[in-house]
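S.K.: Could you have a look at this structure, given as structure tokens, before my questions?
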Amino acid sequence: MTPVTRQEVLGLYRKIFRIAKKWQSASGQIEETIKEKEYIESEAKTLFRKNKNVTDPKLIKQCIEECEARIEIGLHYNIPYPRPIHLPPMGLAHKQGRTLRHQEKLRKISKPIYLKSHDEVS
């Protein structure tokens, strides 16, 4: 990792914790605010620790972009949780076969950048 990339990653890490420190839930309830602050901090710690050994520059760039996207979306919508993707449920596909594989492929392709690592950790 280059020194510039390292500084960028550490800057994002600090930015997330500053956001968590000032976070106010949309409802304004103290319990919900505390719960959301804890979620922001634990999610950041989990994802940054998971990716600390990543050395591929393309993958590092992708992780940085995901982080920036989640920060912007969280601040814009005032929701710390990742926004779900809107695809029809897989309940109509059979347990095996081409239809199931096709739907799984569509889900993987259509997953937005801010959800790439969410399913891996959850």
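S.K.: Quick one: length gained pulling N53 to H76 fully straight, 0.36 nm per residue minus the C-alpha distance? Can you show the working numbers first?
M.R.: Values: separation 23, 0.36 × 23 = 8.28 nm, distance 3.04 nm.
Length difference between fully extended and current span is 5.2 nm.
S.K.: No solvent, one uniform scatterer per C-alpha: report log10 I(q)/I(0) for the range 1-62 via the Debye equation at q = 0.15, 0.16, 0.19, 0.26 1/Å, two decimals.
M.R.: One equal scatterer on each Cα of the range 1-62 leads to -0.54, -0.59, -0.74, -1.06.
S.K.: Moving on to the next point. For the pair E68 and Y13, how long in nm is the line joining their label points, each one 7 Å along Cα→Cβ?
M.R.: Simple spin-label model gives 1.9 nm for this pair.
S.K.: Which percent of the accessible heavy-atom area of the range 1-92 goes to carbon and sulfur, probe 1.4 angstrom? Present the calculation step by step, with values, prior to reporting the outcome.
M.R.: Details: 3850 of 6640 Å².
It is 58 percent, rounded to a whole number.
S.K.: For K105 and S27, FRET efficiency with R0 = 30 Å and r from the beta-carbon atoms, rounded to 0.05? Present the calculation step by step, with values, prior to reporting the outcome.
M.R.: Working: r = 38 Å, r/R0 = 1.27.
E between S27 and K105, to the nearest 0.05, is 0.20.
The values are calculated or read from the model by the stated rules, or taken from the named source; none is laboratory data. Model, not experiment: these values are computed from the prediction. A quick note on method: Cβ atoms are made from the backbone with ideal geometry, for glycine too, and the neighbour counts reach across all protein chains shown. Ligands, DNA and RNA are excluded from the accessible area calculation, which covers all protein heavy atoms including side chains. Shrake-Rupley method; radii C 1.70, N 1.55, O 1.52, S 1.80 Å.
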